[in-house]
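Asker: A single structure is presented below for examination.
The values are calculated or read from the model by the stated rules, or taken from the named source; none is laboratory data. Please read all numbers here as calculations on a predicted model, not as lab measurements. FYI the Cβ positions are ideal-geometry reconstructions off the backbone, even for glycines, and counts take in every protein chain you see. What goes into the accessible areas is simple: the full protein's heavy atoms, side chains included, and nothing from ligands, DNA or RNA. Shrake-Rupley method; radii C 1.70, N 1.55, O 1.52, S 1.80 Å.
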Amino acid sequence: MKILGIETSCDETAAAVVAEGKILSNVVASQTAAHAPFGGVVPEIASRHHVENLPAIVKEALRQAGCSLTDIDGIAATHTPGLLGALLVGLQYAKSLAFALNKPFVGVNHLEGHLNALFLEQNEIDYPYLGLIVSGGHTHLYRVKGFGHYELLGATRDDAAGEAFDKVAKLLGLGYPGGARLEALAAGGNPRAFRFTQPKMGNGTLDFSFSGVKTACLLQVKNQNGRLSEQFQKDLAAGFQEMVTNFLRERVAQAAKQYDLQNVVISGGVACNQTLRQKLQALARQEGLKISFPSPSLCTDNGAMIAYVGGEYLKRKQPSPWSLNARATSEL
Ligand code: KG4
Ligand code: ZN
């Protein structure tokens, strides 16, 4: 079964063809350059770029997969969560294509895509597993009991981890999106020069909070009276990254213990971060856990994870109704 997957929830226009869980093509057009002058994603610009780029991206995904629209067995598109206008572009495009071609259509939750991205590369991971999504919009911890069975264990109460990376990167003049640039800057810094403390959130909670460390970084920058030395910038980036990655590691350790889970899957854009990967791999060795990360190109937003999830629903004979609408917010 060949599935075309379309993802337009934020600032990546993406399309992919996946057959039986294997990627035949995975094309992502990032709109970063269009949003960078504004320091963040401008929803209206995102929607317009999706409208302009999506037909060419879909065509390219089909070309790379060596197939035509008539070879496609089903069409999947992200319908929630994300920017409403941006979601509507991909969703409406997918529905129209499916209707015109008389193929099944399925709407996919973006978070379910992130949680399942790993299966595009390996299927040795056993249920149940602890799934952590760390992206620009979400920091969500799930107990995944089986495909389609997700229990939310904790989530951020304010900023998402990636959002905090982007905001601190902006403070340091790194531009948008700043997560990867902040990581590069932090490599030359001392992670102990600034010691940011973790928020006190009550015993046993698996929630997160990143607005405190972001504000602490802002105060440190203000204290410099407008002149940020190179070493200051590197140390602040390293200290911020240290706090965030330690916090994520602690929550993973705590949740694995609390719910007696040995398998852990980390996904979303922040899962590209090497410090996070190293800390979690060390935790895995210490605690006897099996921790897996998708490749970086499958951690960030892509159409393949949407095609994969869509394919699983179609295999189970669960297409979506034509009336399915886009929704800006949702949990799994
Ligand atoms: O999953 P994703 O592509 O989009 C969302 O669903 O949000 O994640 C994008 C987020 C951005 O906030 C970006 O700054 C962050 O992931 N990110 C990183 C790194 N690469 C991307 N954060 C920290 N370190 C990185 N290497
Ligand atoms: Zn995402």
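Asker: For every other residue with a beta carbon closer than 15 angstrom to the beta carbon of A86, add +1 if it is Lys or Arg and -1 if Asp or Glu, then tell me the sum.
Answerer: Here the count lands on -4.
Asker: Can you give me the Cα centroid spacing of segment 191-265 and segment 126-157 in angstrom?
Answerer: One Cα centre to the other: 20 Å.
Asker: Here's a follow-up. Taking the alpha-carbon centroid of each part, what is the distance from segment 3-20 to segment 273-305 in angstrom?
Answerer: 22 Å
Asker: With springs only between Cα atoms under 10 Å, which of T156, T205, T70 fluctuates most in a Gaussian network model of the chain?
Answerer: T70
Asker: What is the gain in length, in nm to one decimal, between A328 and N223 on full extension, counting 0.36 nm per residue of separation less the C-alpha to C-alpha distance?
Answerer: Once the chain is fully extended between A328 and N223, it gains 34.0 nm.
Asker: I would also like to ask the following. Once label points are set 7 Å from the Cα along Cα→Cβ at both K145 and Y259, what is their separation, rounded to one decimal in nm?
Answerer: 1.1 nm
Asker: Looking at the chain as a GNM with Cα springs under 10 Å, which of Q254, Q262, Q224 has the largest mean-square fluctuation?
Answerer: Maximum among the listed residues: Q224.
Asker: In segment 189-265, which trypsin sites (Lys or Arg not before Pro) are in a loop and have at most 13 other Cβ atoms within 10 Å, using DSSP for the loop call?
Answerer: Those that pass, being in a loop and sparsely packed, are R192, R195, K200, R227.
Asker: Please report, as a whole percent, how much of the solvent-accessible surface of the chain comes from carbon and sulfur atoms (probe radius 1.4 Å).
Answerer: On the chain, the fraction of accessible area on carbon and sulfur atoms equals 50 percent.
Asker: Here's something else I'd like to know. How charged is the neighbourhood of H35? Take every other residue with its Cβ under 15 Å from the Cβ of H35, and add Lys/Arg as +1 and Asp/Glu as -1.
Answerer: Neighbourhood net charge equals -3.
Asker: Would you mind estimating how fast segment 1-113 diffuses translationally, via Stokes-Einstein at 10 °C and 1.306 mPa s with the Kirkwood radius over Cα pairs, in µm²/s?
Answerer: 114 µm²/s
Asker: Roughly how tilted is helix 230-258, in degrees to the nearest 10 and between 0 and 90, from the longest Cα axis of the chain?
Answerer: Its long axis makes an angle of about 60 degrees.
Asker: Determine the per residue accessible area of segment 97-148 with all protein chains present and a 1.4 angstrom probe, expressed in square angstrom.
Answerer: On a per-residue basis, segment 97-148 sits at 32 Å².
Asker: Averaging the inverse of every distinct alpha carbon separation and then flipping it gives the Kirkwood radius. What is it for segment 193-332, in angstrom units?
Answerer: In segment 193-332 this quantity evaluates to 18.2 Å.
Asker: Among G189, G90, G204, whose mean-square fluctuation peaks in a Gaussian network model of the chain (Cα, cutoff 10 Å)?
Answerer: G204
Asker: Could you do me a favour and compute the accessible area per residue for segment 179-237, 1.4 Å probe, result in Å²?
Answerer: Ligands and nucleic acids excluded, the figure is 59 Å² per residue.
Asker: What's the longest bit of the chain with no exposed GluC sites (Glu not before Pro), using DSSP loop states and at most 13 other Cβ atoms within 10 Å as the test?
Answerer: The segment 125-330 is the longest one with no such site.
Asker: Run lengths n ≥ 4 of DSSP H only: what is the helix-derived mean residue ellipticity at 222 nm for the chain, with -39500 (n - 2.57) per run over all residues, to the nearest 500?
Answerer: -13500 deg cm²/dmol
Asker: Just for the chain, what percent of DSSP beta bridges are antiparallel, to the closest 5?
Answerer: If I count the DSSP bridges inside the chain, around 60 percent turn out antiparallel.
Asker: If you average 1/r over all unlike Cα pairs in the chain and invert the result, what Kirkwood radius do you get in angstrom?
Answerer: Kirkwood hydrodynamic radius for the chain: 20.3 Å.
Asker: Excluding A193 itself, what net charge comes from residues whose Cβ is under 10 Å from its Cβ, given Lys and Arg +1 and Asp and Glu -1?
Answerer: Surrounding charge for A193 is +1.
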